[in-house]
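All remarks here apply to the structure that follows.
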Amino acid sequence: MYIWLKQIRAMEKSKKPLSDRLPLYALIWVLSYVGSLGALKMLSLPEEFEVILTIVPALAFALFLYTFYRYVHLMDEVQIKIRMEAAVVAFSLALVTVMTLGLVDIAFKLNGEDWNFRFLAPMFMAYYLIGLVISKRKYNIDHEEHD
Amino acid sequence: MKNTIKVERAKKNWTQAELAEKIGVSRQAINSIEASKFVPSTVLALRMAKEFGASVESIFQLEETDLV
């Protein structure tokens, strides 16, 4: 954690382009989430430590989101529209997932080990990536015949 | 909406990447606009017209389906 903070501070000082920092912050967020998840599941820690572990991924995500928000200002209008549409696809799919799971839970009483909130985070990320693929195809972004 | 960006580029002998750099967008954005997949903002259309030394109307034209 301290090493990450040192690295983040060094990157902010180095004035590296946001496009370079963004993947690193995304990686920090994912690793902090997976790390916290693993630690909370496998280790028996004091309650204060568990609270810290639940907050760390949220802080890492906030840092990623803030950097992403700044990066959006550097994008052109096609890139912004692609991200916007990807977010719309992700939000819609996430809403349907939560709604369906809620109804299924009433009907069949979901087993906590089979289905719980932990599974939603990677699913929502996957939904955003699906949205990106759909939107990029729509706007011909990956089409390479260009000169 | 159809456009003549490809023709205008050919006249100037510019690649998509070169045009993209001149108007401050990505090469992919030019590709998308040129293929009529994306309708640019007024600012971008004007910037493009200025680079080509042409009017916006000569570069972008409405099609039958765009008319109300």
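Taking A:R118 as the residue in question, decide whether it is within 14 Å of chain B (Cβ to nearest Cβ) and under 16 Å from the mean Cα position of the chain (by Cα).
For A:R118, the condition - within 14 Å of chain B (Cβ to nearest Cβ) and under 16 Å from the mean Cα position of the chain (by Cα) - is not met.
Go over the candidates A:V56, A:V51 one by one and state the one that is surrounded by 15 or more Cβ atoms within 10 Å (Cβ to Cβ) and of a type outside the set (D, E).
Answer to the check: A:V56.
Name the residues in segment A:59-94 that are more than 14 Å from chain B (Cβ to nearest Cβ), open to solvent by 80 Å² or more (accessible area, probe 1.4 Å), without any contact (Cβ under 8 Å) to a residue 40 or more places away in the chain and more than 27 Å from A:L40 (Cβ to Cβ), would you?
Answer for segment A:59-94, where residues must be more than 14 Å from chain B (Cβ to nearest Cβ), open to solvent by 80 Å² or more (accessible area, probe 1.4 Å), without any contact (Cβ under 8 Å) to a residue 40 or more places away in the chain and more than 27 Å from A:L40 (Cβ to Cβ): A:Y69, A:F91.
Do you know which of the residues in segment B:1-51 that are within 9 Å of chain A (Cβ to nearest Cβ) and charged (D, E, K, R) is least open to solvent (accessible area, probe 1.4 Å)?
This residue is B:R9.
For A:E113, which of the numbered conditions (1) away from chain B (no Cβ under 14 Å); (2) in a helix (DSSP H, G or I) fails to hold?
Against the list (1) away from chain B (no Cβ under 14 Å); (2) in a helix (DSSP H, G or I), A:E113 comes up short only on (2).
Taking the conditions exactly as written (touching a helix residue (DSSP H, G or I) at 6+ places or on another chain (Cβ under 6 Å), open to solvent by 50 Å² or more (accessible area, probe 1.4 Å) and among the hydrophobic types (A, V, I, L, M, F, W, C)), does A:F124 satisfy them or not?
When the stated conditions are applied, A:F124 passes them.
Mind checking whether some residue in segment A:97-106 is outside any helix (DSSP H, G or I), of a type in the set (A, V, I, L, M, F, W, C) and assigned by TED's automatic domain parsing to the domain that holds A:L132?
no
The values are calculated or read from the model by the stated rules, or taken from the named source; none is laboratory data. A quick note: this is a predicted structure, and the numbers were derived from the prediction, not measured. Cβ atoms come from the backbone with ideal geometry, glycine included; neighbour counts cover every protein chain shown. Keep in mind that these areas ignore ligands, DNA and RNA; they rest on the heavy atoms of the full protein, side chains included. Shrake-Rupley method; radii C 1.70, N 1.55, O 1.52, S 1.80 Å.
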